[in-house]
């Protein structure tokens, strides 16, 4: 996958990290029984959409918490459409998850989607199709309010 070839990833402090170093960190974490949390969020403004994807690591009992992120900007008016934008976010997360699943075949992977079931959420009509897509790909699905990798961490990096 291209996003793992050209060292575009950054650590939680914004420092560039090589893919090899990222994989070393993931391997240590997975050896402790961790789940990989993947989420993507985006923000559309003035004809461009900033996408931020996160690979998160968190085990409360072992006091482990860390993440890595990548940002991409796309100039595309199509992302003004909410469904198109959310589908792109999910596709980006699934692409990352698929690459990691091939590398770490026994890893538990959760995909955190920036969609919510409450009536007030503009994305509530998308939840069922997104859930089916993610689960159909073999990943654990989380949505608001349990999708912290996308709604909290990735969201912060779209700004």
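Every number in this text was worked out from the coordinates using simple rules, so none of it is lab data. Here the structure is a predicted model, which is why all the values come from computation and not from measurement. Positions of Cβ are generated from backbone atoms using ideal geometry, with glycine treated the same way; all protein chains shown enter the neighbour counts.
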Restricting to the stretch 117-149, name every residue that is farther than 13 Å from residue 87 by Cβ and touching a helix residue (DSSP H, G or I) at 6+ places or on another chain (Cβ under 7 Å).
117, 122, 137, 139, 141, 143, 144
Determine whether the stretch 33-54 contains at least one residue that is surrounded by fewer than 20 Cβ atoms within 10 Å (Cβ to Cβ) and assigned to a helix (DSSP H, G or I).
no
